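Each reported figure results from applying straightforward, stated rules to the coordinates on display, with no laboratory input. Bear in mind that the values here come from a model prediction, so they are computed numbers and not experimental data. When we count neighbours, we look across all protein chains shown, and the Cβ atoms used for this are built from the backbone with ideal geometry, even at glycine.
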Amino acid sequence: MKEASTWVVEKHADGKTIWKLLPIHEACENKAPSEVIKALLVAYPESLLLKDSAGDLPLHLACREKSSKAVIAALLSTEPSAAKVKDDEGKLPIHLACRQGVAVQIIDSLIVCHYRGTRTPDVYDLLPLHWACAQNASLAIIESLLRANPDAVDQKDKWERTPLSLANASTNSDKDEIVEALKKDPSFWTTALVDEIDVLKTKLEKSTKGASKVEQLQLENAMLKEKIMEITNGNKFSDEDIEKVAEENSVLGQEVDGMKQRLNEFVAVFRGMEEQRKTLVDLAERMETSILQAVNVTGNENVAWGDPLKSNRKKNRSTGRISEDELSNTGDFSD
């Protein structure tokens, strides 16, 4: 389907471009059915990361035009990284979705694909929670955003407005419940997050059905991983910090493996020394037997012979060296 990859361009008489877009841009902007969107994605999936002349991805346009859940799901399942791309005003798709009051399932899907999007301000220092409070979003959307970023309540935009002040100034029919949710301590949402993770774990353990169910669980699993990272690190570290720690952990792991290998080599050496010692003991005992036999032959029965290594063995214990029993009990340090 060559047409799916063909740019539609309009120019001035002097040759300067007025606008340009791909068929999928136009389809998303005009709220085409999900079947049309899916057909365009199959024909040209690379289009999902291509911006039109206004700086918008197809996902930006779909969120701005309040497209259906089926359309948003098709776009995100094909290219989830599109949720991390800003438009020319610094808005992520989640900013646009919150501004337009889409279904809470769409907000949740965008959070799954880019959890840090809830902490990303646009060029006006507006977070997704600012937009949701200002544009009369549902209580369910407000709660999803608070679970993802409870600290957003105290963030101020370019005009020193907080989400709470915007909610108080709104005409939202759920204003009282939303204001109450915004006033809750951030720890409340952290506790709720832990409970939600337990629910997701239960769903993952029980699920064994169908390809569509697998895709749903993959999204839920991605959410679980992101939220666990959020709880563990408090989301205070950048991706670069996390990668650096991972590299350091890898180096430490290699050093530990090297130490284990050296310890195993030492154990092998000690075991070799023990074998040599046993060989010497056997040799000494045979010599003692031979000498006693020689004494018997000569008739000198008054000569007494002791184990020449017994005194050494005691001396070795007093000097702190590894005994025979200790060496025989030495374990392997390998995994």
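Laid out as a table, the results:
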{"quantity": "Radius, Kirkwood style, for the range 28-83 when every pair of distinct Cα atoms is counted (Å)", "calculated": "11.0 Å"}
{"quantity": "Pairs beyond 24 Å (Cα-Cα), from K184/K244; K84/K184; K91/K156; K11/K84; K69/K184; K16/K91", "calculated": "K184/K244; K84/K184; K11/K84; K69/K184; K16/K91"}
{"quantity": "In sequence order, calculated HN-Hα J values of the range 67-76 (Karplus, 6.51, -1.76, 1.60; Hz; x Gly/Pro)", "calculated": "5, 6, 4, 5, 5, 4, 5, 5, 5, 6"}
{"quantity": "Efficiency of FRET from Cβ geometry, F270 and S77, R₀ 41 Å, rounded to 0.05", "calculated": "0.10"}
{"quantity": "Net charge contributed by nearby residues that have their C-beta within less than 12 Å of A181 (K/R +1, D/E -1)", "calculated": "-2"}
